[in-house]
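Data first, discussion second: the structure below is written as structure tokens.
The values are calculated or read from the model by the stated rules, or taken from the named source; none is laboratory data. Only a predicted model underlies this, so the values are computations on that prediction, with no experimental measurement involved. Glycine also receives a Cβ, built like all others from the backbone with ideal geometry; neighbour counts cover every protein chain displayed. With ligands, DNA and RNA removed, areas are computed over all heavy atoms of the protein, side chains included. Shrake-Rupley method; radii C 1.70, N 1.55, O 1.52, S 1.80 Å.
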Amino acid sequence: MPSNSISSFLEDKNGKIWIGFENDGLTRISFSSDGNILAEKTYGVKQGLISTKILSLANDYEENIWIGTY
């Protein structure tokens, strides 16, 4: 993970963990059925975020993930 400045946290319907950081973007962690980490991916400006300063995470009734940045 990029840093220890976590600003938000979300678990989606598939059990993936999304962690927003104050200055380091967004990280998604996927797990295997036995709980081991399968993959970790970090998102920033190069991956389409408008900013790497994540304020909030939410999902809607269609399971879209909304990312609040500043």
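So how many residues does region 42-59 have that are exposed (fewer than 13 other Cβ atoms within 10 Å of the Cβ) and farther than 18 Å from Ile17 by Cβ?
Pass one, region 42-59, residues exposed (fewer than 13 other Cβ atoms within 10 Å of the Cβ): 45-48, 50, 58.
Adding the requirement that they be farther than 18 Å from Ile17 by Cβ leaves 45-46, 48, 50.
The number of residues fulfilling the criteria is 4.
To keep it simple, each residue is scored yes or no on (1) surrounded by 14 or more Cβ atoms within 10 Å (Cβ to Cβ); (2) of a type in the set (D, E, K, R); (3) assigned to a loop (DSSP other than H, G, I, E, B).
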position	(1), (2), (3)
Ser8	yes, no, no
Gly15	no, no, yes
Thr27	yes, no, no
Glu40	no, yes, no
Gly68	yes, no, no
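Look through Ser56, Ser33, Ser51 and report the one residue that is touching a residue at least 40 places away in the same chain (Cβ under 8 Å) and of a type outside the set (Asp, Glu).
Values: Ser33 fails: touching a residue at least 40 places away in the same chain (Cβ under 8 Å); Ser51 fails: touching a residue at least 40 places away in the same chain (Cβ under 8 Å).
None of the other options fit; the residue is Ser56.
Determine which single condition Ser51 fails, assuming it passes every other condition in (1) touching a helix residue (DSSP H, G or I) at 6+ places or on another chain (Cβ under 9 Å); (2) assigned to a strand (DSSP E or B).
That leaves (2) as the condition not met.
Only one of these is in contact with a strand residue (DSSP E or B) (Cβ under 6 Å, 6 or more places away or on another chain) and of a type in the set (Gly, Ala, Ser): Gly48, Gly20, Gly44. Name it. I'd like the intermediate steps shown before the answer.
Working: Gly48 fails: in contact with a strand residue (DSSP E or B) (Cβ under 6 Å, 6 or more places away or on another chain); Gly44 fails: in contact with a strand residue (DSSP E or B) (Cβ under 6 Å, 6 or more places away or on another chain).
Gly20 is the lone residue from the list that is in contact with a strand residue (DSSP E or B) (Cβ under 6 Å, 6 or more places away or on another chain) and of a type in the set (Gly, Ala, Ser).
Out of the residues in region 29-38 that are out of contact with any Leu (no Cβ under 7 Å at 6 or more places or on another chain) and in a strand (DSSP E or B), which is least open to solvent (accessible area, probe 1.4 Å)?
So the first thing to find is which residues in region 29-38 are out of contact with any Leu (no Cβ under 7 Å at 6 or more places or on another chain), and the list is 29, 33-38.
Okay, now just the ones that are also in a strand (DSSP E or B), so 29, 37-38.
Values: Ile29: 11, Ile37: 105, Leu38: 124 Å².
In this case the residue turns out to be Ile29.
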